[in-house]
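Okay, so here's the structure we're looking at.
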Amino acid sequence: MMAIYKRELKSFFHSFVGWLFLAATLFMMGIYFTVYNIMSGYPTISYVLQSIVFLFILTIPILTMRVLSEDRKYRTDQLILTAPVSVGRIVLGKYLALVTVLAIPAVIIGLTPPFLMRAGAFQTGISYASLAGFFLYGCLGLAIGLFLSSLTESVVIAAVLTLIVLFSGYIMAGLCSMISSAGTGVFAESLSKVLYCFDMIGRFDALSNGYFQVESMAYFVTLTVFVLFCTTQSIQKRRYSVSGKGIRLGTYSVMGIVAAAVVTILINLGLNYVPDRYTAFDVTANKLYTLTEDTKEMIGSLQEDVTIYVLADEAAKDEDLDKTLQQLKNLSGHVTVSYVDPLANPKFYYNYTEEEPVNNSLIVEGSKGSVVISYDDIYQYDMNYSSYQYTLTGYDGEGQILSAISRVMMEEQPKLYLIMGHDELAFEESFLNMLEKENLAYENLNLNTVDEVPEDAQGIIINAPAGDYSEEDVDKILRYLEQGGNALIAPVWTDSEMQGFARILDYYGVSLVDGLIIEEDREHYYQIPYWLFPEVEDTDVTQRVSGGAVFVPYASGLMYEEDEDDLLYTPFLMTSSDAFSKQDIFDGEDYSRSTDAVDGPFVIGLSIEKAVGEGTVSKAAIVSSEQIFTSAADKVVPGYNMKLFGSIVSSLAERESSVSVPVKYFDIGYLTFTARTVYVVGFVSIIVLPLGCLLIGLVIWLRRRRL
């Protein structure tokens, strides 16, 4: 076998074919690697591999078309077939030579993660899972090409057949989806399931998306072995023909292939019945496909039945959403998941909503009612202002479903009012969605249009007002607070006098330190000294962010007297002792201490309880940053600012036991490279390596022609 392996491997690199394969693969790999990882800073190589896997449709036929068909054409295979070597060893030797050629670019791209890790947070798990899928996809393609090459003497026919089969495997996922959506009968469903067996790209995508499935790996391995076995049977038939031992060979070959096919099918079907917890592993850095511990605890303790209807044909289901649903179902016998095909039952949603939900939407039904979750809310999209297109940025399936389950078991929702009319910073949709996921009703409240804060207010939110409050507006708020009302307050750092707003803070005995906080401890700021990473204290409102970081840009210090009898202060965000507060910070961007600097440490997040009557307490949370509750700040520490916001509003609504899961972002951050690195890496990966392979191949080819 080794002699055949060495002979085949040498033939690839003593001709132009092997070098052309390497050049084409490295060229495409270099382009996407430079664009995605170096220029755009994506923290995984899975994007690169997903973009170049289509290249196998063109390169594998060229690489495999001559391996067996040319030997058969020129009868050179008879020397091997009559040699004392088993057919299996012949096929394995030739196949391993092909795999070695494929392994070279795979190893090269596999060496890039250690380099990329130096530029920021890198998704190692997804990258290597995708690389494993890429390599196994290529191995299966090589096995198919080798088999088809054994069937014909024509290299052109072998190449065309291989291209057709590989192209079919590449588009099969889309074809199955089209069949499922176009037909609703048993035939369409059965045909879709049969064709799914040939879906190569779907298995690769599953590995590249961060959900490492043994089932997908087994698919590539078992099918590769089966195709190689078919190749041996094809050659075996000719070998017996050459040696004159063709007794009952046709029957033997058919029975052997059928038996191998049955074993392959049984292995893959058997893995479908093994629980996912044994065969599927979440390799994403932020655990996109793994339920949080809070979710597991809540679902595991359910005492009431909950039914989740998925408005979709199960054959066309959203795979990521289905993973979440099946995990929830496995946690409790009280959770039932049922797929309802809208084409077969178009009026099903009439009992739950008047507006027709989009496909793959969910209806969660419990003892206290039902909630419709639009499929549009399962994923989060952000506008890319360079291309003016929406980009998929996060997955919110777990959070939306968990919120809906909580809601269908509640009698009524607490209500918060967002104070408006003073140029307050409007909350972005993602933070409003967090209020909904906390099962809190909310409404904008312009104090100029009402005499009092409504009695049904469980709390109010004052978010970064740029304008001051009139005496009348302040009186309305104070009357509400004096009756035991609760408040979340985020002040704005400004040089302007805001006496009305200062009265609201003074109600809780709090005032702002003049200036903006500068951190000198590099462990407590991000890039710029006034982009703070404060210490997160262990309190009730910070339990959800325990072990994580909160990003607080543009913050001022909070001052208060701790010996007030009717006030209980609990700091939950603190700067380091190296911090100081400075005025006129933007004059020349001078971050050094000035003579008027106020030394830290500073409190920038504070919980307050104020006794306002016998047994009545007014709760407040003050966070001294106008930007803390924005998606831009939240993405710096993916999800933790959102978790803090959810915890605070839940506490104000006196629902401390509430469980909420924020959006899980696909990216954990971007890699950062200098312009010089971009040019050097791009030049080497796009030009030097591919051109070097072409030149070496050309030189070898020309030298052999002269010989």
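The values are calculated or read from the model by the stated rules, or taken from the named source; none is laboratory data. None of the values given here were measured: they were computed from a predicted structure. Ideal geometry is used to build each Cβ from the backbone, glycine not excepted, and the neighbour counts take in all protein chains shown. The protein model used for the area step is the full one, side chains on, heavy atoms only, and it has no ligands, DNA or RNA in it. Shrake-Rupley method; radii C 1.70, N 1.55, O 1.52, S 1.80 Å.
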Quiz item: For the chain, what is the percent of antiparallel DSSP beta bridges, rounded to the nearest 5?
Solution: 70
Quiz item: Residue-wise, which Karplus ³J(HN,Hα) couplings in Hz belong to segment 3-13, taking 6.51 cos²θ - 1.76 cosθ + 1.60, θ = phi - 60°, and x for glycine or proline?
Solution: 5, 5, 4, 5, 4, 5, 5, 5, 5, 5, 9
Self-check item: ³J(HN,Hα), Karplus 6.51/-1.76/1.60, whole Hz, each residue of segment 464-479, x for Gly, Pro
Solution: 6, x, 8, x, 7, 9, 6, 4, 5, 5, 5, 4, 4, 5, 5, 4
Quiz item: Per the helix-only calculation at 222 nm, which mean residue ellipticity applies to the chain, given -39500 (n - 2.57) for every DSSP H run of n ≥ 4 and division by its residues, nearest 500 deg cm²/dmol?
Solution: -14500 deg cm²/dmol
Quiz item: If you line up the long axis of helix 640-652 against the longest principal axis of the chain, both from Cα atoms, how many degrees apart are they, to the nearest 10?
Solution: 40
Practice problem: Hey, can you grab everything whose amide H is under 5 Å from the amide H of Thr393? Only 5+ residues off in sequence or another chain; H modelled, so Pro and N-termini drop out. | Solution: Gln380, Tyr381, Asp382
Quiz item: Measuring from centroid to centroid over Cα atoms, what is the spacing of segment 100-132 and segment 521-581 in Å?
Solution: 38
Quiz prompt | In order through segment 323-337: 3J(HN,Hα) via Karplus (6.51 cos²θ - 1.76 cosθ + 1.60), integer Hz, x for Gly, Pro | solution = 4, 5, 5, 5, 5, 5, 4, 6, 7, 8, x, 7, 9, 10, 10
Exercise. Take every Cα pair under 8 Å in segment 281-340 that's 6+ residues apart, average their separations, divide by the length, and report that relative contact order as a whole percent.
Key: 44
Practice problem: Give the angle, between 0 and 90 degrees and rounded to the nearest 10, that separates the Cα long axis of helix 87-110 from the longest principal axis of the Cα atoms of the chain. | Solution: 30
Quiz item: Based only on Cα atoms, what Rg/Rh ratio does segment 1-130 have, Rh being taken as Kirkwood's radius?
Solution: 1.10
Quiz prompt | Rounded to 5, the percent of DSSP beta bridges in segment 307-368 classed as antiparallel | solution = 45
Quiz prompt | Degrees separating the helix 16-32 axis from the principal Cα axis of the chain, which is the longest one | solution = 10
Quiz item: Amide H of Leu445: which non-local residues (sequence gap of 5 or more, or other chain) have their own amide H closer than 5 Å, using H built in the peptide plane?
Solution: Leu418, Ile419, Met420
Quiz item: Sequence-distant or interchain residues sharing an amide H contact under 5 Å with Ala555, placed H: which?
Solution: Ile517
Exercise. Can you tell me the order of 568-581, 1-14, 317-330, 343-356 when each peptide is scored by its average per-residue count of other Cβ atoms within 10 angstrom, highest first?
Key: 568-581, 317-330, 1-14, 343-356
Quiz item: Which percentage, to the nearest 5, of the DSSP beta bridges contained in segment 285-444 is antiparallel?
Solution: 60
Quiz item: In debye, nearest 20: dipole of segment 282-366 around its Cα centre with unit charges on the Cβ of K, R (+) and D, E (-)?
Solution: 180
Quiz item: Tell me which aspartates and glutamates have Cα within less than 13 Å of Lys193's Cα, excluding those fewer than 8 residues away on the same chain?
Solution: Asp313, Glu314
Practice problem: Could you please state how large a percent of the accessible area of the chain is carbon and sulfur, counting protein chains only and using a 1.4 Å probe? | Solution: 56
Practice problem: Pick out, in residue order, every one of the trypsin sites (Lys or Arg not before Pro) in segment 82-127 that is DSSP loop and has at most 16 other C-beta atoms within 10 Å; say none if there are none. | Solution: Arg118
Self-check item: Rel. contact order, % - alpha carbon contacts under 8 angstrom, at least six apart, segment 22-157
Solution: 43
Exercise. Just tell me which lysines come within less than 28 Å, Cα to Cα, of Lys415; anything on the same chain fewer than 8 places away is out.
Key: Lys296, Lys368, Lys437, Lys476, Lys610, Lys619, Lys635, Lys643, Lys664
Self-check item: Whole-number percent relative contact order across the chain, with pairs defined as alpha carbons under 8 Å at least 6 apart
Solution: 15
Self-check item: Reachable aspartates and glutamates, given that their alpha-carbon falls under 14 Å from the alpha-carbon of Lys237 and they are not under 8 places away in the same chain
Solution: Asp77
